[in-house]
Ligand code: G6Q
């Protein structure tokens, strides 16, 4: 609730602290210079540009040389991060300070993957023994299921896992399970059910056998409508299959939650519950027991390798100087384009089919974290914050939206992600994949001049009239920024580092924009609204309490139910 003094404060026209920094002024000047520069010329002027603008950590080489930057821009961007207190805020996050101020919580997903002996305190309590205890329980449980020791109600080993959760309790585990398929147990099928649309659970249930199926119900709060609806439907289905034997629930349902009471009210034995803590945000929870389905698929050794990769990136983020710090550079480049060039979106193009859910995962991570317009003091900001994040795996995207990236009226920065080694060396296909990735970023940087386009047309046999007519369509301005992340190989460790890289990028941007990146009141609003309307749709009565459009739609829907 906004208090009146905030409306009257001069900060109300925007949290001008950001725009009042010296670095902001410097960047405004640098932007004016850079706006008239072509990257082709930057490359021509500096033969060491690749070496200068690449950094490696956690099995990832980050090439950001194909961006509209030079040494001065990078220095000024790092200065901006410093002026906004990034170092202090990073220490505060890693130390368990209450940086999620609206929910009065620490933000400690980094503790979940802390592989050092360092203690981490929340309210004077060292959380590391609790973290290790849950990891040990996950190991015991996953070993039992994977070895066949854990059996269903008729004594058969588990062959299918159905993860029921939504948002942070789905996107991370689903994305990582897809990404790490080469490490998964062959004879264990994984299914992820999130949507409240009954189609999602129905289609999953068609593929599993009740005797060999394990439902993993994942919900931090255990009150989320979609997850509870799907979990109830799964339980009803199990009961129908096994003749109503309630003792089957203990063999076929486990829960991951912070809410033991709700878990037990649902009917799941809390012995079969894996806990986590309120200092783990939903979209940062993959590293906790929320990753249980993933751990069942790939085993705890691989799961802990993923934690180790993330920890390596955490260490890099905490210790590398800003000019050599991958998450800082990535975050600040995003600020450069969003706030100085006015770009409104950012593309993610993984050149790896296993990463096909990565753009969707990042949509939540970035847009739920920094899709905000009020700063930490509750004042409306007077600058842009999170861009729209979108993307698809390459090469598919090339045959769809890349046209707009090459020749559209706006420029959209893009991250390209490519593993050096493939898990599937089929003929020469990995070489073709890499060639596509490299040639796209080169083309976006270089473009094609009218002269080059005309020469190509002449070589292809076109007459001069046709050349003249076609050239405008064949020109590519280029100068479109891309960054490339080369992964050694998409293994658990590198995936952990990659995810942690983006988490910290989001944190860096949140600090610069002065946001609380760790609450999500927009998501909470959706949870409330749907409940009210669901009750009204249940009553079956004509609805008149909303605006004319909503009344009309609800009444048309209600009428359709009776047909
Ligand atoms: C994530 C969000 C949100 C949340 C889901 C599921 O940061 O808070 O996506 O993860 O709404 O919530 P539960 O895990 O409580 O069911």
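Each reported figure results from applying straightforward, stated rules to the coordinates on display, with no laboratory input. This is a predicted model, so every value here is computed, not measured. Counting neighbours? That spans all protein chains shown, and the Cβs are built from the backbone with ideal geometry, glycine included.
Overview of values
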read-out	value
Principal axes of the range 209-261: Cα extent on each, largest first, Å	30, 18, 17
Segment residue 477-residue 458, length gained on full extension (0.36 nm per residue, minus Cα span)	4.8 nm
Contour excess over end-to-end distance, with Cα ends at residue 420 and residue 324 and 0.36 nm allotted per residue	32.4 nm
Cubic angstrom per residue, convex hull over Cα atoms of the range 275-314	70 Å³
Value at 222 nm in deg cm²/dmol, rounded to 500, when DSSP H runs of n ≥ 4 in the chain each add -39,500 (n - 2.57)	-15000 deg cm²/dmol
Principal axis dimensions, largest first and in whole angstrom, of the range 339-397 by Cα	42, 22, 9
Mean Cα-pair separation over length for the chain, i.e. relative contact order, pairs under 8 Å, 6 or more apart, %	20 percent
Among beta bridges that DSSP assigns inside the chain, antiparallel share in %, nearest 5	30 percent
As computed over the range 285-367, the Cα convex hull volume per residue (Å³)	126 Å³
Convex hull of Cα atoms in the range 41-152, direction-averaged projection (nm²)	12.6 nm²
Burial ranking of peptide ranges 363-371, 201-209, 289-297 (average Cβ count within 10 Å, highest at the top)	289-297, 363-371, 201-209
Using a Förster distance of 41 Å, the FRET efficiency for residue 559-residue 140 (Cβ separation, nearest 0.05)	0.15
Relative frequency of Cα-Cα separations exceeding 19 Å in the range 395-501, percent	57 percent
Enclosed volume per residue, in Å³, of the convex hull spanned by Cα atoms of the range 162-206	66 Å³
Where the Cα pairs of the range 11-97 fall when distances are cut into 10 Å bins, in %	14, 33, 34, 16, 3
Label-to-label distance, nm, for residues given as residue 45 and residue 434 (7 Å Cα→Cβ offset)	3.2 nm
Inverse mean reciprocal Cα-Cα distance (Kirkwood Rh) of the range 453-563, Å	21.4 Å
D (Stokes-Einstein, µm²/s), Kirkwood Cα radius, the range 212-329, 1.306 mPa s at 10 °C	98 µm²/s
Proxy reagent accessibility, fewest Cβ within 10 Å first, across 149, 503, 477	149, 477, 503
0 to 90° range, to nearest 10: angle between helix 22-34 axis and the chain longest Cα axis	60 degrees
Convex hull of Cα atoms in the chain, direction-averaged projection (nm²)	32.2 nm²
Unit Cα scatterers, Debye sum, the range 380-456: log10 I(q)/I(0) for q = 0.11, 0.12, 0.14, 0.27 Å⁻¹	-0.42, -0.49, -0.63, -1.38
Ranked by how many other beta carbons lie within 10 Å on average, peptides 382-392, 234-244, 177-187 from highest	382-392, 177-187, 234-244
Rel. contact order, % - alpha carbon contacts under 8 angstrom, at least six apart, the range 442-563	18 percent
FRET efficiency estimate (nearest 0.05) - Cβ-Cβ, residue 528 to residue 16, R0 41 angstrom	0.80
Fraction of beta bridges assigned by DSSP in the range 320-433 that are antiparallel (%, nearest 5)	10 percent
Relative pair counts by distance (%), Cα atoms of the range 233-297, 10 Å bins	20, 44, 29, 7, 0
